[in-house]
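Asker: Quick one: the structure is below, and I'll ask about it shortly.
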Amino acid sequence: MNDSVLRRIAVLVRVSPQTGGSGGELHVSDVDTQREVPLEQSSFVLTLENEPRATFVRGQLKVLRDGTTFPIQSNVAFFELLKMLVDRAAGGR
């Protein structure tokens with residue numbers, strides 16, 4: 001078994017709520033270089049769905065520029081973490 005990693009994509013997503021308002025800022029950085037990644041031309045939508053009693057979530061990444069989609073599958077814990085972050089940002093603790 002080869003333990004070396006040939007390629008890796010790792011991004012840091014930092015969500016900062018605006019004080020005194022309902023808006024916020026989203027910052028994405030390359031984890032390896034710590035440089036911020038501009039998203040204007042590279043925006044995408046992540047969709048995840050969790051079915052009752054399922055131990056996994058399925059969804060897709062859709063690149064907004066051309067509509068290309070890529071399937072995603074993860075565990076329910078990831079879905080619940082993202083839902084908690086979205087709910088907290090929306091004020092729905």
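Asker: Hey, Pro38 hits all of (1) at pLDDT below 85; (2) part of a strand (DSSP E or B) but one; which does it fall short on?
Answerer: Condition (2) is where Pro38 drops out.
Asker: Which pairs do you get when a residue that is more than 11 Å from Ile72 (Cβ to Cβ), found in region 36-60, comes within reach of a residue that is polar (S, T, N, Q) and surrounded by 11 or more Cβ atoms within 10 Å (Cβ to Cβ), reach meaning Cβ atoms under 7 angstrom, with the pair 6+ apart or on two chains?
Answerer: Glu36/Ser29; Val37/Ser29; Thr55/Asn75
The values are calculated or read from the model by the stated rules, or taken from the named source; none is laboratory data. A quick note: this is a predicted structure, and the numbers were derived from the prediction, not measured. No Cβ is skipped: glycine too gets one built from the backbone with ideal geometry, and neighbour counts run over all protein chains shown.
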